[in-house]
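Below is one structure; the comments refer to it alone.
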Amino acid sequence: MPYVQRQFVFLLLVACPCLSQTASNAPIDQRVEANRVRLSEILMSTPQPYDPAQVAEARRTAEEAHQALWHGQAFADLARNYSDGPSAAQGGDVGCFVPGNLAPVLEKVAFQMMAGDTSEVIRIKQGFVILAVTGRGLYACDPLQVLNQPRTAELDHYAETFSQRVRKK
């Protein structure tokens, strides 16, 4: 095993706290935190007061973005191209949420999806939104970090693969 990988594994083993294997034995705070989701969005906003023509145009654009997702385009690229939301420049990443932190209509959808899932087009007060769950669970918002190592594409890929294995266990 290359030196960087061995050092990375050692840092993970030393730096990551061990968690209970069952949610029922975990403290209440930890159970809530384990139900976290990291979300990204593509938002097509509608002006207020609502103009029917603009609402129809926003719906058409949202459906077009949703179709592009089904044809394999990357969510982050579509968010940069289509989204009117403030997170568009970050590929739609809006952060992490626990139950009770989202609007009820979004919460119902977001907490039923698995990591990697995308929603249908959802009508909200601000317009139309497509959600993607980019992470779930305790470590969804606290990515593992490699200390004193330059970030490279190879290291990022290895860290993500290793993180997924750690999360599974």
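Rg and Dmax of segment 41-113, based on Cα coordinates, read 13.3, 35 Å. Normalised by the number of residues in segment 29-140, the mean separation of alpha-carbon contacts (under 8 Å, six or more apart) gives a relative contact order of 44 percent. In order along segment 61-66, the Karplus-derived 3J(HN,Hα) couplings, from 6.51 cos²θ - 1.76 cosθ + 1.60 at θ = phi - 60°, round to 5, 5, 5, 5, 5, 5 Hz, and Gly and Pro are given as x.
Values quoted throughout were computed directly from the atomic coordinates according to the rules given, and no laboratory measurement underlies them. All of these numbers come straight from a predicted model, not from anything done at the bench.
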